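Any read-out appearing in this document is the output of simple, stated calculations on the displayed coordinates, not a laboratory observation. Keep in mind it's a predicted model, so treat the numbers as computed, not measured. Cβ sites come from the backbone with ideal geometry, for glycine too, and all protein chains shown count toward neighbours.
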Number of protein chains: 2
Amino acid sequence: MAEKQVGITVPKEKDFSEWYTQVVAKADLADYTLVSGCMVFKPYSYAIWEKIQGLLDNKFREMEVKNAYFPVFIPESLLKKEGEHVEGFSPEVAWVTKAGDTELSEKLAIRPTSETIMYDSFSKWIRSWRDLPLLINQWCNIVRWEFKYPKPFLRTREFLWQEGHTVHETEKEADRQTMRMLEVYKELIEGQLAIAVILGKKSEAEKFAGALYTTTLESLMPDGKCLQMGTSHNLGQNFAKAFGISFLGKDGNSHMPWQTSWGVSTRLIGAVIMAHGDDKGLVLPPNIAPTQIVIIPILFGESRDAVLKKCKELQSSIKKKFSVLVDDRDGYTPGWKFNEWEMKGVPLRIEIGPKDIEKGHAIAVRRDTGEKETIKLEKLKERCTELLAEIQEKLLKNSRKALDDGIEDAKNWKEFLKIIESRKIARAFFCGRKECEARVKEESKGATSRVIPFEAEQGLCVKCGEKGLKTYFGRSY
Amino acid sequence: MAEKQVGITVPKEKDFSEWYTQVVAKADLADYTLVSGCMVFKPYSYAIWEKIQGLLDNKFREMEVKNAYFPVFIPESLLKKEGEHVEGFSPEVAWVTKAGDTELSEKLAIRPTSETIMYDSFSKWIRSWRDLPLLINQWCNIVRWEFKYPKPFLRTREFLWQEGHTVHETEKEADRQTMRMLEVYKELIEGQLAIAVILGKKSEAEKFAGALYTTTLESLMPDGKCLQMGTSHNLGQNFAKAFGISFLGKDGNSHMPWQTSWGVSTRLIGAVIMAHGDDKGLVLPPNIAPTQIVIIPILFGESRDAVLKKCKELQSSIKKKFSVLVDDRDGYTPGWKFNEWEMKGVPLRIEIGPKDIEKGHAIAVRRDTGEKETIKLEKLKERCTELLAEIQEKLLKNSRKALDDGIEDAKNWKEFLKIIESRKIARAFFCGRKECEARVKEESKGATSRVIPFEAEQGLCVKCGEKGLKTYFGRSY
């Protein structure tokens, strides 16, 4: 335990990458393994993931999206059925070629995403308009064998996600589903994770392999890199065509349906760490914190038992409303415990000693601002409710400000390069063409279009001068 | 939809295997895929799995077992670290040898179980007695490349499970944990899935590869085959030794800890289908039924709207207590709907027509017995509670009777063979030796020891005449 007591040794401002690595380790979030690029989700980060799962599952239930589970293996022939799709994913596919001592007759991909394995089933399940819309979600592990340097939660060869897949009668319904999911994700990411995002479409170069169009939620991290937080794709009829999905319409004729897919992953945990953390460690938004309140008894002398008893009483009185923990461990000083729970980002700390009990109050300390206040015990539940709501709101406000401050308009190519070099998002007109984007990327050393807002303003492309739309560019994770 | 309307075409008694296949398909539980031996968990079976997950997760929380997630990949060198373990699993391992176009320098196993990848981490996490007990659980997919004929839920190359892994200071604590989990599983399987089980230990030949001893819960399926429902292993210090796990004790010295692991899988869904299903399809125990009550409006003529309204009202009045659905689909007759929900095993059906409303009552029909009764609407909630409890109890009672009836004592080898041939469990004294068990298996065409009850009676081995314990033998899944 001694190692953990040592705080973060480098300021977030000074060496962001090292700061991130230390938070991940010292807040007990993840661990490296002997498999290069694969990590352990330790209980604390997994609990955050379970919170996110719970929030989304509630939403899915409301929307009548059903959870299911499809095989992790995709035969090569199936993966190849949609041309653009396989081209996009095959460089990163992990292949099973052997079972026991037997060579397989066809190699099997570990799913990099499940369109192909699911839609082969959908083609059997869907017969008539009565079977539509089909609304399926899957929580699972995903493997993409990237060769870039791995980073816990942000770039790992295996990660966890949910992938929703829907089938509709009409293009309009698929459009609506795509946009509705983008709104669900926005509510999750801004409303619960307290991270401000820009909504819009992806360019042709950046869209999902095989999609008609991709919508995205993009945020800016403190190191000036953009992070794609989630995507929702209208797949058009591309996969329906490739997989032979058709349905008998109300008109008695056979039709090809329209499809969407959408997902968010454990990458969101990385975003939370980066967006809110500070030099003392993790800072968790109350809505997704596994522990929202930690009560620290200040124990000494004869008052010990009375203080502990009071802490347990207070815990009981608020535990229906909050996830609250009493840290009654022996052998650790209150100061040590303060540091530990600050490192773990618990939104609110309550301190109670014998003098506080005499006076009928407790001390509350906010993790985000460090502000202390004295709360009358009879007001504790009420005040904690307010404080947690304030913290949640403040974190989003901070995130929104950071995002707004991180965007600059580029009127010409020189300004564009300067903005990118200063680690900000450059907002500029862009023609949207793949070839032009390739040039932008090369000449700016890695900047790509991140998002084209809905109803974007029109103007001439900052790079080629053709007609274009106001687009956000940045380097990205 | 037309296909589903057709009921099961073969009696359970007559062709159990075909009956099972039909229930799986017609109750919309699972689907086959192009990957041999891998199946789709369709929403209905996945919802049952989520029920089981919820029940166990509650239990884990009480016990302070924490969920986490470890990589799906295990490097060959790691898998080989514990000798017996690798020997047990390597014939069934699926190997990743390639990523994109690159051959991997070391091949990676898809986890057949996670002892090796977890314990490599545990060896870093555990430093002193303060870190113990370590109580970790993981919900994940598992791959075992069996070459036997696949059967949905029961034998598939990929399945879902939970695997718990704990580390303790003393042998006694590990013993206690092993037994405690066996009790948790018993409460799940008898109390919630309503399937009677025999508890005890596995023989040397049948125990988990690498364990000190394995405890098991064994049931008997209607085709006379035994099904292992879950296992809980005391791993002793075998893995601690292989993975170099040690801790600084309270005495200031370094010690080797004791470990356990335990798991249940989606195989339990197969057990539920087999144990309770009948010639009309699936029969679900109320405690794990995704839909416990279905309300069918009897709609005709002018009373339509009033009946539908009444059904929705009733649903609202009981939906806090039960998961209840109103089947208000147009274009299907009540009779068609009765068949559909019987096929899907919904425990209780409520029928309401205009005459019922006039009389202020509804008709309830039990799925398990088919018994009908008239219930006053004001008593509906109360009576549904009773009926569901009765169904739950009755299913377990039936299962217990089937298990008891399926066991016969074998006083000698001739009787033993006769009992096995009659597709029952043979209870006989057994010496426990591997060589003797191999002979039993060969000469009986496949019978193996399934479970040695705790505190088993002593006597002379039915095969070799050496000292032994009363043991249950049978063919198995």
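Summary table below
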{"quantity": "Antiparallel DSSP beta bridges within region B:286-390, as percent of all bridges there, nearest 5", "calculated": "55 percent"}
{"quantity": "Radius ratio Rg over Rh of chain B, counting only Cα atoms, Kirkwood formula for Rh", "calculated": "1.02"}
{"quantity": "Sequence-distant aspartates and glutamates (8 or more away, or on other chains) whose Cα lies within less than 18 Å of B:Lys250", "calculated": "A:Asp330, B:Asp131, B:Glu169, B:Glu171, B:Glu173"}
{"quantity": "C-alpha center-to-center spacing [region A:284-331, region A:398-448] in angstrom", "calculated": "48 Å"}
{"quantity": "Inter-copy spacing of B:Asn58 label points, which lie 7 Å from Cα along Cα→Cβ, given in nm from shortest upward", "calculated": "1.9"}
{"quantity": "Helix axis angle, B:43-62 relative to chain B longest principal axis, alpha carbon, degrees", "calculated": "60 degrees"}
{"quantity": "DSSP-defined antiparallel bridges as percent of all bridges, the protein assembly as shown, nearest 5", "calculated": "85 percent"}
{"quantity": "Region A:112-163: C-alpha gyration tensor shape, a/c 1.5 cut-off, then a/b vs b/c", "calculated": "prolate"}
{"quantity": "Per-residue average of Cβ from other chains inside 10 Å of B:41-50", "calculated": "4"}
{"quantity": "Members of A:Lys81/A:Lys172; A:Lys51/A:Lys186; B:Lys201/B:Lys467; A:Lys12/A:Lys372; B:Lys310/B:Lys379 lying beyond 20 Å, as alpha-carbon distances in this model show", "calculated": "A:Lys81/A:Lys172; A:Lys12/A:Lys372"}
{"quantity": "Listed pairs B:Lys42/B:Lys320; A:Lys148/A:Lys445; B:Lys26/B:Lys381; B:Lys441/B:Lys470; A:Lys42/B:Lys42 exceeding 21 Å between Cα atoms", "calculated": "B:Lys42/B:Lys320; B:Lys26/B:Lys381; A:Lys42/B:Lys42"}
{"quantity": "Label point 7 Å beyond Cα along the C-beta direction, distances from A:Thr369 to other copies (nm, shortest first)", "calculated": "6.5"}
{"quantity": "Position A:Lys186, label points 7 Å along Cα→Cβ, spacing to each other copy in nm (shortest first, one decimal)", "calculated": "5.5"}
{"quantity": "Contact order normalised by residue count of region B:286-390, Cα under 8 Å, 6+ apart, percent", "calculated": "29 percent"}
{"quantity": "Furthest towards positive pole of dipole, B:Ile126, B:Leu282, B:Phe73, structure part chain B, Cβ charges", "calculated": "B:Leu282"}
{"quantity": "Filtered chymotrypsin sites (Phe, Trp or Tyr not before Pro), region B:58-126: DSSP coil and at most 13 other beta carbons within 10 Å", "calculated": "none"}
{"quantity": "Neighbouring partner chain Cβ atoms per residue of A:154-165, average, 10 Å criterion", "calculated": "1"}
{"quantity": "A:Ser105 paired with A:Ser317, simple spin-label distance in nm, labels 7 Å along Cα-to-beta-carbon", "calculated": "7.2 nm"}
{"quantity": "Within 10 Å of each Cβ in A:84-97, the average number of Cβ atoms from other chains", "calculated": "4"}
{"quantity": "Footprinting exposure proxy for B:Lys66, A:Lys445, A:Lys26 (fewest neighbouring C-beta atoms within 10 Å first)", "calculated": "A:Lys445, B:Lys66, A:Lys26"}
{"quantity": "Region B:286-390: radius of gyration and largest Cα-Cα distance (Dmax), Å", "calculated": "12.6, 38"}
{"quantity": "Stretch gain in nm, segment B:Asp305-B:Glu169, where the contour uses 0.36 nm per residue and the Cα spacing is subtracted", "calculated": "42.3 nm"}
{"quantity": "Beta bridge orientation in region B:2-276: antiparallel %, DSSP, nearest 5", "calculated": "95 percent"}
{"quantity": "Three-way shape label, the protein assembly as shown, alpha-carbon gyration tensor, a/c 1.5", "calculated": "rounded"}
{"quantity": "Helix-only mean residue ellipticity at 222 nm for chain B, each DSSP H run of n ≥ 4 adding -39500 (n - 2.57), per residue, nearest 500", "calculated": "-10500 deg cm²/dmol"}
{"quantity": "Angle in degrees between helix B:115-125 and the longest Cα principal axis of chain B, rounded to the nearest 10", "calculated": "70 degrees"}
{"quantity": "Whole-number percent relative contact order across chain A, with pairs defined as alpha carbons under 8 Å at least 6 apart", "calculated": "15 percent"}
{"quantity": "Cα centroid separation - region A:96-142 against region B:191-237, whole Å", "calculated": "32 Å"}
{"quantity": "Degrees, to the nearest 10: B:171-186 long Cα axis against longest axis of chain B", "calculated": "20 degrees"}
